[in-house]
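*Asks:* Before anything else, here's the structure in question.
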Amino acid sequence: MAVVKRRPLSRRRILEAAVRFVDREGLEALSMRKLGSELGVEAMSLYNHVPNKGALLDGMVEVLLGELEVPPEDEGWEIRVREAYRAFRRLAHEHPNVFPLLVIRPPDTMDGIWLVEDFLKTLRKAGFDPETALYAFRTLSSYASGYAMAEIRGFAMEPSGTRLGTLALSEDDFPNIHELVAPLREVDHDAEFEFGLDLILTGLQKYKERG
């Protein structure tokens with residue numbers, strides 16, 4: 001009778017299994033016991049590779065950041081930044097249950113730090129001073145993560161995610177909101193996200209030209 005060898009545990013295997021588990025079951029369902037069961041081992045075996053649940057969550061952020069596709073350095077700074085944040089938003093679509101970890105547990109691993117270094121390097125080469133490069137990074141990251149979070153959780157007033165719909169509001173008291181009843185039924189989130197990116201990147205370009 002053939003003996004089937006069990007795949008050895010490793011930190012990477014545990015982290016990837018955790019991401020798959022949360023993709024399927026949700027973040028609230030994750031526990032070391034359930035993850036051990038997923039991998040066919042006792043929960044205590046996991047601690048040989050991941051010291052605690054906090055380290056597990058940080059590692060899951062690391063896995064997601066590893067999926068981030070950033071254009072090569074020979075692309076112009078605007079294209080590189082735009083594509084990077086488009087890819088960041090795609091992570092929310094591909095991993096809606098895991099993505100909130102990127103917001104509530106900001107990356108503090110070498111993978112995350114290298115991404116910040118790469119962004120700052122891109123803007124410094126484009127002619128921005130260090131402080132402006134930092135402001136740009138935080139502005140763009142806040143916009144992209146905030147938009148993506150709202151998108152996966154459901155925007156206010158949109159049929160897919162609202163608890164207080166526009167039709168429940170008095171047209172006399174909220175005439176401007178009522179003008180949006182039809183557009184809100186068919187919001188193009190791709191176009192809306194690009195609109196925000198354009199505003200920020202255009203503002204950065206004008207700031208650069210001015211300074």
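Coordinate-derived values only; no laboratory data. Here the structure is a predicted model, which is why all the values come from computation and not from measurement. All Cβ positions, even for glycine, are placed from backbone atoms using ideal geometry, and neighbour counts span all protein chains on display.
*Asks:* Cβ contacts < 6 Å: first residue under 24 Å from LEU91 (Cα atoms), restricted to segment 23-46; second residue of a type outside the set (Ser, Thr, Tyr) and in a loop (DSSP other than H, G, I, E, B), any location; separation 6+ or different chain. Result?
*Replies:* These pairs meet every condition: ASP23/HIS95; ASP23/ASN97; GLY26/ASN97; LEU27/ASN97.
*Asks:* Further question on the same structure: Restricting attention to segment 167-211, and to residues there that are closer than 30 Å to LEU123 by Cα and of a type in the set (Ser, Thr, Tyr), which single residue is farthest from the chain's Cα centre (by Cα)? I'd like the intermediate steps shown before the answer.
*Replies:* Here is the first cut: in segment 167-211, the ones closer than 30 Å to LEU123 by Cα are 188-211.
Narrowing further to those that are of a type in the set (Ser, Thr, Tyr): 202, 207.
Values: THR202: 23, TYR207: 27 Å.
Filtering first and then ranking leaves TYR207.
*Asks:* If you check every pair at least six apart or on different chains, which have Cβ atoms under 7 Å apart with a residue in segment 168-190 that is free of Cβ contacts under 8 Å to residues at least 60 places away in the same chain first and a residue that is of a type in the set (D, E, K, R) and in a loop (DSSP other than H, G, I, E, B) second?
*Replies:* Short answer, once both residue conditions are applied: HIS178/GLU171; LEU184/GLU158; VAL187/GLU158.
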